[in-house]
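Below: the structure, in structure tokens.
Just so it is clear, none of the values below were taken in a lab; they were calculated from the coordinates. None of these values were measured; they are calculated from a predicted model. For neighbour counting, all protein chains shown are included, and Cβ atoms are generated from backbone atoms with ideal geometry for every residue, glycine included.
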Amino acid sequence: MGGEQEPATTPEEVQAKIGRRLDEVSKILAGALVAVAGVMAVLGLSSELVFVALNNESWPISVASLCAVLAIVCSIVALLIHPTRRGNVWETVVLILGVIFYMTALTVAIIGAAKAAGGNGRPTITNIKLDGPRSDLKLRFDVHADGVKTWRTIEVSVTYLRADMKPVVKHGDLYWSTLRPDDEGVVKQRIDMTISPPAQTTGLSIFAGPGRGDDACDMRAQRGPTCTTLLLP
């Protein structure tokens, strides 16, 4: 007796098998947002930093989210395509697009995570204290900035102000320094000084901004300077 022959596979069954394999790929793409979120979490980008990045108009986070959503849309469309020969061709095209969006989302997410975690290089002035009599005032404040590039600097200055809040040109800057970041791109400096303001001065102006940048305190820029005005006793 000859061996029994297996029944021939019909073209419909072949296309159905191909369709099931393509459906498995589409299910993987459906987790694109989860994958992007996982990459950001592994790189230390918490939800708080994501909101900070969006507030700073970080384009990689927005692009990564958009590409992840498009990958999910492609996966849903692929699942809805009927597993015929022509349908499998269309499903393959849609899945190729989904894979492109998926890989783009992961790549841009890594760029966005690195950019957001590194800071924005914008200096801040904190912990300001002005104590003592006018003849022997103690001024103290901290300057801090994250994500400062190694070749960039932060300039800090203290200037006397007149009654009209204009700088006293005669005396120039009471204090001026150029700060450079450490290996992690962080600038952190505490300034502690004693001052004896002249009679015509009514205030102090503290400035911290990028070196060789615009010194306009009201400028609309992501890395603009920080300014503080203090009235003298």
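General observations
- Using the average count of surrounding beta-carbon atoms within 10 Å as a protection proxy, the listed peptides 152-165, 124-137 rank, highest first, as 152-165, 124-137.
- Among Leu231, Leu204, a tally of other beta-carbon atoms within 10 Å of each Cβ gives an order, fewest to most, of Leu231, Leu204.
- Ranking of Cys217, Cys74 by neighbouring Cβ atoms within 10 Å, starting from the fewest: Cys217, Cys74.
- Available extension along the chain between Trp151 and Ile96 is 15.6 nm, counting 0.36 nm per residue and deducting the alpha carbon span.
- Taking 0.36 nm per residue of sequence separation and removing the Cα-Cα distance, the Leu231/Ala163 pair yields an extension gain of 23.5 nm.
- Each residue of the stretch 182-192 was assigned a 3J(HN,Hα) from its phi angle through the Karplus curve 6.51 cos²θ - 1.76 cosθ + 1.60 (θ = phi - 60°); the sequence is 7, 5, 9, x, 10, 10, 9, 8, 9, 9, 10 Hz, with glycine and proline shown as x.
- Modelled label reach - Thr194, point 7 Å along Cα→Cβ, the stretch 135-167 residues with backbone N closer than 14 Å: 135-140
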